[in-house]
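Here's the structure, in structure tokens; my notes come after.
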Amino acid sequence: MKKISLFLMILAVMSCNPSDDAPEPTPELPNVPSEEVLKLPVVVHVLHHGEEEGDGPNLSDEQIIRQIEILNEDFRRKVGTRGFNDHPDGADTQIEFVLATRDPQGNSSSGIIREELVIEDLPENIPNFEFERYAYFSYWNAEDYINIWVAPYPDELTNVLLAKATGPDSGLPGDHLFLKPFAGGAEGIIINWAHFGESDVQGGSNLGRTLTHEMGHYLGLLHTWGTTECETNDYCEDTPAVDKVVVASQPYTGCNGEEVMIANYMNYTPDAVMNIFTNDQAVRMRYVLENSPRRNSLLNSSGI
């Protein structure tokens with residue numbers, strides 16, 4: 001979950017679900033990501049309050065398509081875009097995202113679904129869990145699609161509540177820190193409409209990096225400070241260790257006298273600062289895609 005206010009830092013557990021279970025030993029991972037490009041289908045559920053398309057939360061197709069482009073620029077470290085970096089530990093994750101071209105019934109689709117959100121229509125038996133509540137209005141099977149809900153949060157939550165994501169079951173250390181869905185229940189990514197894609201919203205989260213950050217969580221990445229302990233933090237050796245939330249836009253010293261990687265997508269730094277996933281982060285995400293049941297199935301989806 002990407003937050004930018006001091007108040008919301010205390011809510012970091014909303015995208016991390018701590019438990020007392022000891023993490024499993026780290027599986028043997030390769031040093032660099034595979035060169036095979038993995039393509040994943042996404043479906044964007046635009047939840048609105050009856051606005052015309054392109055007005056307020058009912059975002060235009062163009063803004064949604066551009067957001068997916070930004071996501072790919074970041075994950076593929078594309079030259080000539082904000083997602084490029086020349087850091088020696090910077091990775092092209094070889095992961096791409098495609099708006100679904102087929103719906104669960106096999107019909108042609110744009111990968112963009114629009115539904116009016118009427119909370120009063122929710123049955124009483126729907127759990128008070130935001131993912132389940134939004135899924136009542138629009139949801140595709142998470143084994144075949146990455147569900148992204150554009151949430152019509154009120155204006156007072158702009159720059160306060162940005163987004164949240166469910167995390168995978170992977171067996172990797174730190175897995176217990178993620179927000180998890182109910183067993184077999186709805187999961188995906190929820191994003192405040194004001195922070196979806198590029199916009200003129202004031203503040204540091206208007207360049208589409210909120211989705212990049214949350215997709216990192218969805219594919220198994222922790223915040224760079226992870227466990228808030230220098231020895232373990234995010235379990236990625238090429239992200240300099242930090243033991244506190246990273247929000248700064250200027251370099252500073254973290255654990256062991258190392259300079260903090262403020263540009264990492266898994267910080268709470270401004271969008272304009274972010275531009276790097278590391279090799280270890282890429283390897284971790286690809287391990288999740290190859291080994292976590294509700295992530296691995298995405299590789300065989302008929303949605304694209």
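The values are calculated or read from the model by the stated rules, or taken from the named source; none is laboratory data. On a predicted model such as this, the values are computed, not experimentally measured, just so you know. Because the Cβ atoms are built from the backbone with ideal geometry, glycine has one as well, and the counts that use them run over all protein chains shown.
Is it the case that the stretch 271-281 has a residue that's of a type in the set (Ser, Thr, Tyr), within 22 Å of Pro168 (Cα to Cα) and surrounded by fewer than 22 Cβ atoms within 10 Å (Cβ to Cβ)?
no
Would you tally the residues in the stretch 234-264 being under 19 Å from Ala282 (Cα atoms) and out of contact with any Phe, Trp or Tyr (no Cβ under 6 Å at 6 or more places or on another chain)?
12
Would you pick out the residues in the stretch 237-246 that are out of contact with any Ser or Thr (no Cβ under 6 Å at 6 or more places or on another chain), touching a residue at least 24 places away in the same chain (Cβ under 8 Å) and surrounded by 15 or more Cβ atoms within 10 Å (Cβ to Cβ)?
Of everything in the stretch 237-246, just one residue is out of contact with any Ser or Thr (no Cβ under 6 Å at 6 or more places or on another chain), touching a residue at least 24 places away in the same chain (Cβ under 8 Å) and surrounded by 15 or more Cβ atoms within 10 Å (Cβ to Cβ), namely Val245.
Only strands (runs of 3 or more DSSP E) wholly contained in the stretch 47-161 count here; list those with 3 or more residues that are modelled with pLDDT of 95 or more and within 24 Å of Asn296 (Cβ to Cβ).
Here the list reads 95-99, 146-151.
Take the conditions surrounded by 17 or more Cβ atoms within 10 Å (Cβ to Cβ), among the aromatic types (Phe, Trp, Tyr), more than 17 Å from Asn275 (Cβ to Cβ) and touching a strand residue (DSSP E or B) at 6+ places or on another chain (Cβ under 7 Å) and apply them to Phe137. Does it pass?
yes
Taking the stretch 82-115 as the search range and keeping residues that are more than 26 Å from Tyr287 (Cβ to Cβ) and of a type in the set (Ser, Thr, Tyr), which one is farthest from the chain's Cα centre (by Cα)?
Ser108
Quick check on the stretch 202-233: of everything there that is among the β-branched types (Val, Ile, Thr) and surrounded by 18 or more Cβ atoms within 10 Å (Cβ to Cβ), which residue is farthest from the chain's Cα centre (by Cα)?
Among residues in the stretch 202-233 that are among the β-branched types (Val, Ile, Thr) and surrounded by 18 or more Cβ atoms within 10 Å (Cβ to Cβ), the one farthest from the chain's Cα centre (by Cα) is Thr227.
Condition first: in a loop (DSSP other than H, G, I, E, B), at pLDDT 95 or above and of a type in the set (D, E, K, R). Can you find one or more residues in the stretch 14-31 that meet it?
No: zero hits.
Within the stretch 274-294, can one find any residue that is more than 29 Å from Val160 (Cβ to Cβ), out of contact with any Gly (no Cβ under 9 Å at 6 or more places or on another chain) and outside any helix (DSSP H, G or I)?
Scanning the stretch 274-294, I find no residue that is more than 29 Å from Val160 (Cβ to Cβ), out of contact with any Gly (no Cβ under 9 Å at 6 or more places or on another chain) and outside any helix (DSSP H, G or I), so the answer is no.
I'm trying to understand the selection: among the residues of the stretch 40-75, which are charged (D, E, K, R), loosely packed, with under 14 Cβ neighbours inside 10 Å and more than 18 Å from Asp200 (Cβ to Cβ)?
Within the stretch 40-75, Glu52, Glu53 qualify.
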